[in-house]
């Protein structure tokens with residue numbers, strides 16, 4: 001019973017984090033691809049480091065930023081890529097606002 005509850009909690013946590021990342025994703029194709037990579041790379045980190053804040057998107061975002069040094073390299077690189085793609089899209093006038 002306890003394992004089933006934990007598994008359910010974990011699945012719901014992943015789903016909440018994916019919703020968070022979809023919220024960040026824009027309409028541009030490059031942004032969509034980067035966001036997918038970020039989802040795959042960072043979902044376990046969000047659960048590990050910021051599970052207390054799920055499903056609050058704003059709090060998860062703040063938590064991930066605050067614990068940036070503790071995030072694994074794969075997630076950090078995905079976050080950096082997403083940041084630069086968003087910045088490039090904004091500069092080109094193709095904003096990716098949710």
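Some notes on this structure:
- Hits in the range 47-72 (condition: part of a helix (DSSP H, G or I) and free of Cβ contacts under 8 Å to residues at least 12 places away in the same chain): 48, 52, 53, 58, 59, 62, 65, 66, 68, 69
Residue-wise test of (1) out of contact with any helix residue (DSSP H, G or I) (no Cβ under 8 Å at 6 or more places or on another chain); (2) modelled with pLDDT under 80; (3) buried (at least 16 other Cβ atoms within 10 Å of the Cβ).
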residue	(1), (2), (3)
13	no, yes, yes
23	no, yes, no
26	no, yes, yes
69	yes, no, no
74	no, no, no
83	yes, no, no
96	no, yes, yes
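- Counting only residues that are under 19 Å from residue 35 (Cβ atoms) and exposed (fewer than 13 other Cβ atoms within 10 Å of the Cβ), the range 45-67 holds 2 of them.
The values are calculated or read from the model by the stated rules, or taken from the named source; none is laboratory data. Quick caveat: nothing in here was measured; it's all calculated off a predicted structure. All Cβ positions, even for glycine, are placed from backbone atoms using ideal geometry, and neighbour counts span all protein chains on display.
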